Amino acid sequence: MTTDPPAWVPAPLAEVADLFSRARCAWWIAGGHAIELAVGHAVRAHDDIDVLLLREDQHAAQQVLAGWEWWAADPPGKLRPWLPGEYLPMGVHDIWCRPEPGTPWRIQIMLDEAQDGLWVSRRDTAVHRPVAELGAISTDGIPYLRPEVQLYYKAKNPRPKDDTDLAAVLPTLGPAQRIWLAEAILGTYGDHPWVHRLDVPNSASAAATPTTS
């Protein structure tokens with residue numbers, strides 16, 4: 001970022017879930033926390049905590065976090081205030097939130113696209129699925145982004161922590177999830193080392209256009 005914000009001190013998962021339980025729209029815990037909700041236990045430390053909203057529902061964040069500061073990350077990475085009631089257009093995907101000026105950032109909101117009941121990847125419109133199948137619910141009742149969708153985003157430029165997340169959740173992925181992820185990765189990023197780790201049939205991994213799950 002071009003600004004020099006205070007360090008992150010991510011809000012606890014339970015606090016975030018409690019805040020967003022008041023939202024009148026769909027929302028999902030995303031990022032590494034979503035992977036942990038999928039596997040049912042802690043995997044690693046986290047520098048932040050992410051909540052995914054559909055772009056059309058973005059103002060739910062302002063309602064849930066009323067009284068907080070909201071800052072939009074305008075590409076190529078400049079933080080600027082997100083004004084009350086302002087509609088963030090496509091191209092702006094991240095919002096940093098903190099309770100008051102000068103305090104550490106606590107929650108990151110991520111915006112994604114939807115059309116006609118389908119979630120559509122902002123990286124590749126051929127990658128999509130019904131919004132109703134985008135997430136799952138943890139044993140504690142917390143909505144989270146399904147791991148195959150989260151891993152698809154992480155596959156763009158995987159970092160060591162992303163490889164850790166893949167290793168942790170891989171044993172829990174069923175055949176349909178593995179095939180969807182392999183096809184999505186191949187279609188968007190081309191040949192990728194994660195595809196081989198997914199251990200899908202050759203006929204599936206050779207496909208380059210994912211369909212809805």
Name every residue in the range 146-194 that is among the basic types (K, R), closer than 19 Å to W28 by Cα and out of contact with any helix residue (DSSP H, G or I) (no Cβ under 7 Å at 6 or more places or on another chain), in order of residue number.
R146
Residues of the range 58-68 being open to solvent by 40 Å² or more (accessible area, probe 1.4 Å) and in contact (Cβ under 8 Å) with a residue 24 or more places away in the chain, which ones?
H59, Q63, G67, W68
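Got a number for residues in the range 32-73 being part of a loop (DSSP other than H, G, I, E, B) and more than 17 Å from K154 (Cα to Cα)? Break it down into steps so the answer makes sense when it comes.
Quick first cut of the range 32-73, residues part of a loop (DSSP other than H, G, I, E, B) only: 40-49, 58, 65-68.
Okay, now just the ones that are also more than 17 Å from K154 (Cα to Cα), so 40-42, 58, 65-68.
Of the residues in that region, 8 qualify.
So, in the range 92-102, exactly how many residues are more than 16 Å from Y152 (Cβ to Cβ), open to solvent by 30 Å² or more (accessible area, probe 1.4 Å) and either part of a loop (DSSP other than H, G, I, E, B) or at pLDDT below 95 (or both)? It would help to see each step written out before you state the result.
Step one: list which residues in the range 92-102 are more than 16 Å from Y152 (Cβ to Cβ), which gives 92, 94-102.
Narrowing further to those that are open to solvent by 30 Å² or more (accessible area, probe 1.4 Å): 94, 96, 99-102.
Checking the rest, the ones that are also either part of a loop (DSSP other than H, G, I, E, B) or at pLDDT below 95 (or both) come to 99-102.
Of the residues in that region, 4 qualify.
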Mind checking which pairs have a first residue in the range 143-155 that is among the acidic types (D, E) and a second that is in a helix (DSSP H, G or I), Cβ under 8 Å, 6 or more apart or different chains?
E148/Q177; E148/R178; E148/W180; E148/L181; E148/A184
Scanning the range 131-161 residue by residue, those touching a strand residue (DSSP E or B) at 6+ places or on another chain (Cβ under 8 Å), surrounded by fewer than 21 Cβ atoms within 10 Å (Cβ to Cβ) and among the small types (G, A, S) turn out to be A136, S138
Which ones in the range 75-113 are farther than 16 Å from W8 by Cβ and in contact with a Leu (Cβ under 9 Å, 6 or more places away or on another chain)?
W82, L88, M90, V92, H93, L111, D112, E113
Can you pull out the residues in the range 186-213 that are at pLDDT 50 or above, assigned to a loop (DSSP other than H, G, I, E, B) and open to solvent by 40 Å² or more (accessible area, probe 1.4 Å)?
D191, D199, P201, A206
Just a yes or no: is a residue in the range 118-130 buried (at least 16 other Cβ atoms within 10 Å of the Cβ), among the polar types (S, T, N, Q) and within 27 Å of V43 (Cβ to Cβ)?
yes
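Considering each of T188, T164 in turn, give the residue that is touching a Ser or Thr at 6+ places or on another chain (Cβ under 8 Å), under 30 Å from W71 (Cα atoms), touching a residue at least 40 places away in the same chain (Cβ under 8 Å) and not aliphatic (A, V, I, L, M).
Numbers: T164 fails: touching a Ser or Thr at 6+ places or on another chain (Cβ under 8 Å).
Selected residue: T188, the only one of T188, T164 that is touching a Ser or Thr at 6+ places or on another chain (Cβ under 8 Å), under 30 Å from W71 (Cα atoms), touching a residue at least 40 places away in the same chain (Cβ under 8 Å) and not aliphatic (A, V, I, L, M).
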Cβ-Cβ distance below 9 Å, separation of 6 or more or different chains: which pairs start in the range 99-117 with a residue that is more than 18 Å from V51 (Cβ to Cβ) and end on one that is in a loop (DSSP other than H, G, I, E, B) and among the small types (G, A, S)?
E100/G67
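The values are calculated or read from the model by the stated rules, or taken from the named source; none is laboratory data. Because the structure is predicted, anything quoted here is derived from the model rather than measured. Don't worry about glycine lacking a Cβ; one is built from the backbone with ideal geometry, like all the others, and counts go over all protein chains shown. Please note that ligands, DNA and RNA were not included when accessible areas were found on the heavy atoms of the full protein model with its side chains. Shrake-Rupley method; radii C 1.70, N 1.55, O 1.52, S 1.80 Å.
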